[in-house]
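The values are calculated or read from the model by the stated rules, or taken from the named source; none is laboratory data. Bear in mind the structure is a predicted one, so any value in this text is a computation, not a measurement. Note that each Cβ is placed from the backbone with ideal geometry, even for glycine, and that neighbours are counted across all protein chains shown. The area values use the complete protein model at the heavy-atom level, side chains included, leaving out ligands, DNA and RNA. Shrake-Rupley method; radii C 1.70, N 1.55, O 1.52, S 1.80 Å.
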Amino acid sequence: MRHDAGHHTHVRQATEDDIAELVRLRQLLFETLAGDFFTPSAADDDWRDALVAVLKEQLTADAVRILVVDADKGLAACGIGALEQRLPGPHLRNGRIGQVIGVVTDPAHRRRGHSRAIMRGLLGWFREREVARVDLHASVEGEPLYRELGFVNHPDPALYWRP
C-alpha cells in the first residue's frame with residue numbers, strides 16, 4: 001500500500017517562514033472540499049490576510065501545535081493541533097480536548113505517509129498535554145487514515161450555526 005518503505009518523513013514544527021506555504025496548503029484544502037459550505041460564492045480574499053495574522057499568533061501559542069513536512073521547494077504537508085479547555089465531566093476527566101485542524105498534503109506529495117506522520121506527531125503532543133479526547137472533522141479521503149489511527153464515530157451529530 002505504501003511506496004515509501006525506505007523513505008522516512010521528517011516532521012518539524014512550523015516557523016514564521018512557513019506562513020505563506022501554510023496559507024497555500026489551507027487554500028488547497030478548501031478547493032478540495034468545494035461546495036458552498038467551504039467556499040461560499042460570495043467569499044473574497046480577505047480571509048487570507050486574517051489567516052496570516054492568526055497563524056503568526058498561533059505559531060508561538062502554547063495551546064497550538066503546527067507541524068509540517070518539507071518538500072524540495074516549500075511544504076509537502078501540514079497539520080494543526082489545538083487544545084481547548086472545556087468543563088470536566090465523567091466523559092471528560094479534566095475537560096481538556098484536542099482538535100485536529102486541516103491536515104493537508106500537496107497533491108504532488110500524496111501517498112507517502114506525510115499525513116500519517118503529522119497525525120502521529122500531533123497525537124503524541126496531545127498525549128503529553130494529557131487531553132481527555134481528540135476531535136476532528138474528517139474529509140472522505142482522510143477518514144480511512146483517522147480510523148486506522150483509532151478514531152471512531154462521535155455519538156453526537158455535527159451541527160453548526162452561522163450568526
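Per-residue ellipticity at 222 nm, computed for the chain from helices alone with -39500 (n - 2.57) per DSSP H run of at least four residues, works out to -9500 deg cm²/dmol.
Using the Cα coordinates of the chain, the gyration tensor eigenvalues translate into equivalent-ellipsoid semi-axes of 24, 21, 17 Å, sorted from longest to shortest. Binning all Cα-Cα separations of the stretch 44-110 at 10 Å, short to long from zero, yields these whole-percent fractions: 17, 36, 32, 12, 2. In the chain, the sites counted are GluC sites (Glu not before Pro) in DSSP loop states with at most 16 other Cβ atoms within 10 Å, and the longest stretch holding none of them, exclusive of the sites, is 1-129. With all protein chains kept in place, the per residue accessible area of the chain amounts to 65 square angstrom at a probe of 1.4 angstrom.
With both labels modelled 7 Å from their Cα along Cα-to-Cβ, the ARG147 to ARG111 distance reads 2.0 nm.
Taken along the Cα-to-beta-carbon direction at a fixed 7 Å, the label points for ARG162 and ARG133 span 2.7 nm. Of the trypsin sites (Lys or Arg not before Pro) found in the stretch 72-122, the ones in coil according to DSSP and having at most 12 other Cβ atoms within 10 Å of their Cβ are LYS73, ARG86, ARG93, ARG111. The Cβ shell under 11 Å around ALA76 holds other residues with a net charge of -1, Lys and Arg each +1, Asp and Glu each -1.
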